[in-house]
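**Q** The structure's right below; bear with me while I get my questions together.
None of the figures in this text is laboratory data; all of them are computed from the coordinates on show. Everything quoted here is computed from the prediction, not taken from an experiment. Neighbour counts are summed over all protein chains in view; Cβ atoms, including those assigned to glycine, are modelled from backbone coordinates with ideal geometry.
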Amino acid sequence: MRDLAFSLVRVLDPKHKAVGDWDPKLDADTLRTGLRHMMLLRIYDDRMQTLQRTGKLSFYMKSLGEEAVAIAQGMALRDDDILFPSYRQPGLQLVRGRDLVDMMCHCISNQRDNVKGRQMPVHYSWREGNFVSISSPVGTQFPQAVGAAMAFAYRGEENVAISWVGDGTAAEGDFHYAINFAAVYRAPVILNVVNNQWAISTHMNLSAGGSTFAARGIAYDLPSIRVDGNDFLALYAVTQWAAERARQGLGATFIEVLTYRGEAHSTSDDPTRYRPKDEWKSWPLGDPVERLKAHLKAIGEWDNKKHKALEKELNELVVKSYKKAEEFGTLDEGPYPPASTLFEDVYKNELPHLRKQRQQLGV
Ligand SMILES: Cc1ncc(C[n+]2csc(CCOP(=O)(O)OP(=O)(O)O)c2C)c(N)n1
Ligand SMILES: [Mg+2]
């Protein structure tokens with residue numbers, strides 16, 4: 001399979017038909033579900049970014065242009081497979097049916113925030129969905145996913161662990177520790193590098209080292225595949241293949257997901273300082289939402305009227321969810337989680353210096 005690390009797996013052709021060996025042959029309902037999740041993610045992102053700009057959230061990060069990554073890859077897995085995402089795959093929660101109100105309460109850091117205001121917005125955590133907390137230091141999730149996969153294997157369980165890091169993060173030590181252990185122990189894990197061309201303002205040329213990211217997996221003797229990250233069907237097929245391999249005890253797969261970060265890195269970034277405005281509209285691999293929509297239309301399973309109606313429905317859902325979320329507190333006025341929660345949930349027994357700090361706070 002060596003060539004797969006240097007080429008590009010694609011299923012959707014220029015006429016929006018599904019072609020080739022990798023066609024996962026999904027039924028129209030599954031495709032429509034994928035489209036719905038991707039559209040919801042985009043609408044949710046737009047609304048949340050606007051709320052940040054009007055002072056209702058402290059910070060936000062969009063997934064624009066990368067919606068297929070979390071949605072297609074998430075849909076190709078089982079709900080009991082464990083997810084170790086970066087901040088760029090919040091869409092996994094939509095696949096697993098998380099309540100939008102809970103996601104919003106987390107971003108506002110209000111009383112219903114399940115991480116009690118201790119994390120930055122977009123650093124979701126959702127135990128019931130097997131969605132492991134996002135960590136700000138990039139890359140820590142990669143070795144954690146390998147460890148979780150090794151635990152599944154020791155216990156004789158069929159589950160798979162999956163993780164994502166960015167192109168910039170692939171220059172971290174954690175990346176190499178993870179793929180080394182994944183290969184040596186044949187861990188049932190899927191390790192993805194989402195090459196969205198940018199690490200904040202640093203272009204991926206500075207971390208790629210002149211070859212593809214997928215090529216790195218070969219050095220570790222891992223099956224390594226480079227896939228079109230804006231092609232819902234290709235992403236689904238490659239992930240399904242990797243998950244089946246892992247479940248059969250054949251070990252880890254390494255995937256480079258080729259895509260483009262459509263928006264700023266975060267609300268603290270201004271990309272017009274380092275790249276042309278709207279550059280993502282010229283990305284040769286197109287827009288993942290538009291491509292799946294065009295495919296559904298090409299096979300006679302979708303039309304513009306249905307699309308408009310769905311857009312309206314999802315817009316209303318997001319607006320309604322935000323109104324509900326605000327009932328549990330706003331960034332400006334609270335109520336917030338009580339200060340005493342700062343000292344809970346980490347240590348089983350209170351440590352002396354923390355007791356002192358808690359007493360100083362008077363909580
Ligand atoms: C260990 C560490 N170093 C630096 C940072 C600051 N930082 C946050 S995101 C980021 C860029 C990551 O880029 P990439 O891995 O390509 O992911 P993307 O944002 O493109 O999804 C950097 C440098 C950090 N959070 N953690
Ligand atoms: Mg990147």
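**Q** Counting only residues that are within 20 Å of the chain's Cα centre (by Cα) and away from ligand 2 (no atom under 16 Å from the Cβ), how many does the range 167-215 have?
**A** Adding up the residues that qualify gives 5.
**Q** Of the numbered conditions (1) of a type in the set (A, V, I, L, M); (2) more than 18 Å from LEU92 (Cβ to Cβ); (3) out of contact with any Leu (no Cβ under 9 Å at 6 or more places or on another chain), ALA246 fails exactly one; give the number of that condition.
**A** (2)
**Q** Shifting gears a bit: Grab the strands (runs of 3 or more DSSP E) fully contained in the range 149-250, keeping just those with 2 or more residues being within 16 Å of ligand 1 (Cβ to nearest atom).
**A** Counting at least 2 such residues, we get 161-166, 189-195.
**Q** Here's a follow-up. Just give me the residues in the range 300-346 being in contact with a Phe, Trp or Tyr (Cβ under 7 Å, 6 or more places away or on another chain) and in a helix (DSSP H, G or I), in sequence order.
**A** VAL318 - this is the single residue of the range 300-346 that is in contact with a Phe, Trp or Tyr (Cβ under 7 Å, 6 or more places away or on another chain) and in a helix (DSSP H, G or I).
**Q** Suppose the filter is within 16 Å of ligand 2 (Cβ to nearest atom) and either in a loop (DSSP other than H, G, I, E, B) or aliphatic (A, V, I, L, M) (or both); does VAL146 pass it?
**A** No.
**Q** Something else now. Conditions: (1) in contact with a strand residue (DSSP E or B) (Cβ under 8 Å, 6 or more places away or on another chain); (2) in a loop (DSSP other than H, G, I, E, B); (3) hydrophobic (A, V, I, L, M, F, W, C); (4) more than 16 Å from ligand 2 (Cβ to nearest atom). LEU92 meets all but one. Number of the miss?
**A** If we test LEU92 against (1) in contact with a strand residue (DSSP E or B) (Cβ under 8 Å, 6 or more places away or on another chain); (2) in a loop (DSSP other than H, G, I, E, B); (3) hydrophobic (A, V, I, L, M, F, W, C); (4) more than 16 Å from ligand 2 (Cβ to nearest atom), just (2) comes out false.
**Q** Now, a different point. Going residue by residue through the range 140-157, is there one that turns out to be acidic (Asp, Glu) and in contact (Cβ under 8 Å) with a residue 12 or more places away in the chain?
**A** No; the residues of the range 140-157 include none that is acidic (Asp, Glu) and in contact (Cβ under 8 Å) with a residue 12 or more places away in the chain.
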